[in-house]
1. List, in the order given, every pair from Lys46/Lys158; Lys35/Lys158; Lys58/Lys155 whose Cα-Cα distance in the structure shown is over 22 Å.
2. Label Asn45 and Asp144 with points 7 Å out from Cα along Cα→Cβ: what is the distance between them in nm?
3. Under a Cβ-Cβ cut-off of 13 Å, what is the net charge of the residues other than Ser111 that fall near it, where Lys and Arg count +1 and Asp and Glu count -1?
4. I'd like the FRET efficiency for Glu109 and Val29, computed as 1/(1 + (r/R0)^6) with the beta carbon distance as r and R0 of 25 Å, rounded to 0.05.
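We did not get these values from a lab; they are worked out from the coordinates using the rules stated. On a predicted model such as this, the values are computed, not experimentally measured, just so you know. Backbone-built Cβ (ideal geometry, glycine too); neighbour counts: all protein chains shown.
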Amino acid sequence: FFQAEDGIRDDLVTGVQTCALPIFVDLSVFTLRGKAAGPLRTPINKLQKLGHTVEFHKAPLKDSLLAELQPVSRQWLQRMKGAEKKFSLGWFDRDYLRGTEVALVRTPEGSVSAFANLLVGVRSGEVAIDLMRCCTTLEPGTMDVLFTSLLQHYKDRKSTRLNSSHQI
């Protein structure tokens, strides 16, 4: 729980309180196999058939990739009718993002429709979602595909849990 004195809080968030709860996914039990995981596979299969792809990029990120991500972040901020808060959540800063890993979804035309940057190894075996953004118009299921792909990718890389507390 993020807490500040009333005057400070009002200046920072204009009356909106932010609460970050620890949300962890145990990657040792995560699977895309079996009947129970069918709802996770459906959007992946749908978007793959439509030509969408998921990519993972390690640090340092190239300027050309950061230039592709920034318009997505701006669209997300416009949709949320807000500006970067720069506390309790990640924010789009090229220098900072350059040093993180990024997962993204590309449309069949090759543009980025959604992305997340990740903090890897802050805690042993843990990967944390820091910032998650998407375009204002995107194929239904895109964020599900991004999140599910993150889970599978980092499980395959032997991470033990995914922490999504940062992006709430």
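1. Lys46/Lys158; Lys35/Lys158
2. Placing both labels 7 Å beyond Cα along the Cβ direction yields 1.2 nm.
3. That sum, taken over residues with Cβ under 13 Å, equals -3.
4. After rounding to 0.05, the efficiency reads 0.10.
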